[in-house]
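So the structure is just underneath, and the comments pick up after that.
The values are calculated or read from the model by the stated rules, or taken from the named source; none is laboratory data. If you're wondering where the values come from, they're calculated on a predicted model, not measured in any experiment. Note that we place each Cβ from the backbone using ideal geometry, even for glycine, and neighbour counts take in every protein chain shown. When the accessible area is computed, the model is the full protein with side chains, heavy atoms only, and any ligands, DNA or RNA have been set aside. Shrake-Rupley method; radii C 1.70, N 1.55, O 1.52, S 1.80 Å.
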Amino acid sequence: RDGIPICWKGDERPNSKKGQPRINDANVKNLMRDKISKVRDRGYIKNHGYIDNLSGYFSVPKGLDDIRMVYDCTKCGLNDLVHIASFGLPTMDSLLRATDENSWMVDLDIGEMFLNFMLHESARQYFGVDITPLLEMDRDDLGRRVKAVWESWMRCAMGFKASPNHAVKHVAIAEEFLKGIVSDTKNPFHIESFRLNLPGQVDYNPSLPWFSALTLLRALATCLLIYIDDERIHASTEDLAWSGAHQVATRESYLGIQDAARKRRPPSQGKAGAWAGSMVRANGVSVGILTSNDRWDKTKRILSKWLGRLRKDPRCKINTAEIRSDRGFLVYVCRTYKPLKPYLKGFHLTIDGWRSNRDDQGWRPQCKVDAHYGVNGYDDGEYPLELDPVPRLLEDLGALEELCAGHDSAPVYMVRSKKLYVVHYGFGDASGGGFGTTIEGPAGVEAVFGTWNDSGSEKSSNFREFGNFVLRLEMDAQEGKLNGAEMFLFTDNFTTESAYYRGTSSNAALFGFVIRLRKLEFNHGLRLHLIHVSGTRMISQGTDGISRGNMFEGVMTGKPMLSFVPLHLSALERSSKLLTWIRSWCTDKSIKPLVPSEWTHRGHGLSLDYERNSDGYSFYKASGEPVLVWAPPPSIADVALEELRKSVHKRSNKTHIFVCPRLMTYAWRKYL
């Protein structure tokens, strides 16, 4: 309750004493007075004593007869003097791990998020607020300003760039109490065990989450995830959803955190609101996500607007601010509908096609190193007011219109289904003038190999590696092998993996392959994972030899495909000497690596012991471990890193060691 101390960049402190300007509009002045009076009446701003620095505020219109108060800690120099550490937030993937086709969902909301938490007393003198212009009589009869009234923020200040970090940290620590003692079977958030359902395991089931907490009945345990101030509870039954919501709301009140009951939605499977940009739907058969109908309608309006202009005049000038704004909105929508992402390339090429190192199609022909401008070879100067559309923009808009056609309301994008998918594992390689793939499915291992024609041989190795996969998958799709399938394909070409997961490429030919793969996913319900592996693994698996015509290596000699797919094995499981090596240089020689079931507890610096306070509430005790070792399997390394980042945000006094095989890095390396 004392707040979090401010982390200053140095010894300098803000010292602006510039007061608020006079407000001449009487109506605006009255509205601003009403707004700030509410903040003062609640004690968020009050008299503190000596003030070293004044922050500012101003109003912006809100509708026709209201205003919105904007508080500013930048103009006075305060925000520039403060260091802010980055912190993670849960994503839709976090929520989907705790969701199945029978999940019930409850929406809760924290009221006045920042203002629930105290500003540290040592910093309050730098958060002064000049109230004088809002007084009933801010001038005397001679027009002179009356004695200044300076007060100070007592809570995490609006407009202060550290407030999100501090508020989210407070909520993350409070979350431990909101969930209670998870080993208690009477707790709606009770966890009995954890299930690992990982690709590479013999019993891998693609209709289940890869990592999940379970109850005594083997159902998914009730979960609570908080995205800033949006709380979401997922439970296996309606009663558990109600119980979990009741526990969270009452315990928040106990801690002094406001529960905005007016925003609460009752448990449902098909009516839960948006969370982290998407809405989740469970219908007893499958789990899907979608955007709101308003956003979907706006998406179609944007597409229709630009199509109308470009079909009328393909060379029409485009307002830069308008197309950048529309692109930003479409990027947000593509967080839900990932197959649409590659078709934004026309927007990207148009917006950056004015730069000096772009061709007439907007592409960057090659990456040059420039002595003045760096690797990209151009200066990131100001955008021109108008842009010329690239030819691809009209093509991509047509493709997006086609994909969105027939959906008057936002469609549900299926994430997981009870239907048992067919799982395929495969490797592909292109060596010299040859190519080859080996894919294992229900019928066993099928190998395809051949040689490139003169046109293909002249292409780059990246083109041949990526094209090898695309041609094989398109062939399998024609034979009906990809319908409702999940496929793990392995390549020793990093560019192939990178282009696929970025959903784009600066190379036109590679981008064409990305489009073709996304179409296969969209049209056949394919769940594709494209994974980079080392060349030595490709050789031992046998596909490298197949691309050269050698049929007597690796899986072609009868070795099981799964023995070359260690996505379910951690680094410590693959190397018995690794832990000994870590202990040889670690200050804590007795370190015990975390297992997945300990990530959400011991990994957060908590022990299994707890104590009860005088009000009857139980709290976990902190553990005394100074060093924690995280060694997840690569398939769920993103889960481990999400928990690790949360642990660091809550308790930054611990040292964390993370070790993981360099597989599936597209899913987790960005968190490091």
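Rank-order 528-538, 490-500 by packing density, defined as the average count of other C-beta atoms within 10 Å over each peptide's residues, highest first. Walk me through the numbers before you get to the answer.
On the way: 528-538: 18.0, 490-500: 22.1.
Going by the mean number of other Cβ atoms within 10 Å, highest first, we get 490-500, 528-538.
Which net charge results when you count Lys and Arg as +1 and Asp and Glu as -1 among the other residues whose beta-carbon is under 10 Å from that of PRO389? List each step's numbers first, then the result.
Details: positive: ARG309, ARG315, LYS317, ARG392; negative: ASP313, ASP388.
Local net charge: +2.
Could you work out how far the C-alpha centroid of region 202-232 sits from that of region 393-455, in angstrom?
28 Å
To make sure I understand the rule: partners must be lysines, Cα under 27 Å from the Cα of LYS418, and not fewer than 8 residues away in the same chain. Which ones qualify?
LYS271, LYS338, LYS341, LYS481, LYS519
Which of PRO339, LEU510, ASN468 sits farthest toward the positive end of the charge dipole of the chain, with +1 on the Cβ of Lys and Arg and -1 on the Cβ of Asp and Glu?
It is PRO339, whose Cα lies furthest towards the positive end.
Place +1 on the Cβ of every Lys and Arg and -1 on the Cβ of every Asp and Glu in the chain, take the dipole about the Cα centre, and give the residue among SER86, SER590, GLY456 whose Cα lies farthest towards its positive end.
Projecting each Cα onto the dipole axis, the largest value belongs to SER86.
Do the sum for the chain: with -39,500 (n - 2.57) for every DSSP H run of n ≥ 4, divided by all residues, what is the mean residue ellipticity at 222 nm, to the nearest 500 deg cm²/dmol? Mind showing how you got there, number by number?
On the way: 18 runs with 202 residues, N = 672.
Taking each H run of at least 4 residues, the total per residue is -9000 deg cm²/dmol.
Based on alpha-carbon centroids, what's the gap between region 578-621 and region 241-300 in Å, whole number please?
After rounding, the separation between the Cα centres reads 32 Å.
Roll a 1.4 Å probe over the protein chains and send me the accessible area per residue for the chain in Å². Before the final figure, lay out the partial values.
On the way: 32090 Å² over 672 residues.
Accessible area per residue, the chain: 48 Å².
Which entries in the list LYS18/LYS650; LYS9/LYS646; LYS18/LYS169 go over 26 Å, if you measure between the two C-alpha atoms of each? Working shown, then result.
On the way: LYS18/LYS650 36 Å; LYS9/LYS646 23 Å; LYS18/LYS169 32 Å.
Beyond 26 Å: LYS18/LYS650; LYS18/LYS169.
For the chain, give the percent of accessible area contributed by carbon and sulfur heavy atoms, probe 1.4 Å, rounded to a whole number. Spell out each step's value before the answer.
Numbers: 16240 of 32090 Å².
Here it works out to 51 percent.
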